[in-house]
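*Asks:* One structure, as structure tokens, below. Some questions next.
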Amino acid sequence: MKMHREFPDGAKFGAATISKTASGRYFVSIVTKFNTKEKILSTHDGIVGVDLNIKHIVLSDGEKIQVPRTLETLESRKRRLQKKMQRQRDMQKSEKRSNNYEKTRFRLAKLHERIRFQREDYLHKLALNIYRKNQVVAMETLNVKGMMKKPKTGKVNCVSVMGKTC
């Protein structure tokens, strides 16, 4: 069992939620209540606005942050696994799935999880970096679900980690 961090001294425990992912990994989320004096300090007193575009993120101070394109290889691997799984499904005559189908489903679930973790990791690091450089951060409100429905830019928006809906 891996713990994300140690429990603080004097913490009072509340509810615990156990969740299982499609790839078979279990996560436990424990609600705790404690007092702390630890703070994440911002090094500057600046104010910045964030504009989310398809290919990059623009800050109001002129800085452009390139959105990582490393997920393209994982997306092509995901596409290949989905095609393989569909072929295996089409070849079967009964409702019972074969062992190879289940193996492919498991590999696809692990790949989905890996893509999700990479996106979340990038967003968390980016948000912390922007906060440490500025005291106040303003963002535009976007209808990400509506943007995903557009036929030409839906996948591009999804890949550019604009929202966590993809």
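*Asks:* For residues that are without any contact (Cβ under 8 Å) to a residue 40 or more places away in the chain and outside any helix (DSSP H, G or I), scanning just the range 110-147, find the one that is surrounded by the most Cβ atoms within 10 Å (Cβ to Cβ). Working first, answer last.
*Replies:* Step one: of the range 110-147, the residues without any contact (Cβ under 8 Å) to a residue 40 or more places away in the chain are 111, 116-117, 121, 124-125, 127, 129, 141, 143-147.
Filter again for outside any helix (DSSP H, G or I), leaving 141, 143.
Numbers: Thr141: 5, Asn143: 9.
Here the answer is Asn143.
*Asks:* What are the residue pairs meeting all of these: first residue in the range 13-29, first residue free of Cβ contacts under 8 Å to residues at least 12 places away in the same chain, second residue among the small types (Gly, Ala, Ser), Cβ atoms under 9 Å, and 6 or more apart or on different chains?
*Replies:* Cβ pairs passing all conditions: Ile18/Ser29; Ser19/Ser29; Tyr26/Ser19; Phe27/Ser19.
*Asks:* Under 7 Å between Cβ atoms, at least 6 apart or on separate chains: pull out the pairs that start in the range 91-105 with a residue that is in contact (Cβ under 8 Å) with a residue 12 or more places away in the chain and assigned to a helix (DSSP H, G or I) and end on any residue that is open to solvent by less than 80 Å² (accessible area, probe 1.4 Å) and not charged (D, E, K, R).
*Replies:* Sorted first by the residue in the range 91-105, then by its partner, the pairs are Asn100/Gln88; Tyr101/Met85; Tyr101/Gln88; Thr104/Leu81; Thr104/Met85; Thr104/Gln88; Arg105/Met85.
*Asks:* Residue check, Asp61 against (1) assigned to a strand (DSSP E or B); (2) under 26 Å from Leu142 (Cβ atoms); (3) at pLDDT 80 or above, all met but one. Which one?
*Replies:* With respect to (1) assigned to a strand (DSSP E or B); (2) under 26 Å from Leu142 (Cβ atoms); (3) at pLDDT 80 or above, Asp61 is out only on (1).
*Asks:* Still on this structure: On the given criteria, is Ile57 in contact (Cβ under 8 Å) with a residue 60 or more places away in the chain, in contact with a strand residue (DSSP E or B) (Cβ under 6 Å, 6 or more places away or on another chain), open to solvent by less than 90 Å² (accessible area, probe 1.4 Å) and of a type in the set (Val, Ile, Thr)? Let's see the steps before the verdict.
*Replies:* Values: in contact (Cβ under 8 Å) with a residue 60 or more places away in the chain: yes; in contact with a strand residue (DSSP E or B) (Cβ under 6 Å, 6 or more places away or on another chain): yes; open to solvent by less than 90 Å² (accessible area, probe 1.4 Å): yes; of a type in the set (Val, Ile, Thr): yes.
Here the answer is yes, as Ile57 does meet what is asked.
The values are calculated or read from the model by the stated rules, or taken from the named source; none is laboratory data. Note that the coordinates shown come from a computational prediction; the quantities given were computed from them, not determined experimentally. Counting neighbours? That spans all protein chains shown, and the Cβs are built from the backbone with ideal geometry, glycine included. Note: accessible area is taken over every heavy atom of the protein model, side chains too, but ligands, DNA and RNA are not part of it. Shrake-Rupley method; radii C 1.70, N 1.55, O 1.52, S 1.80 Å.
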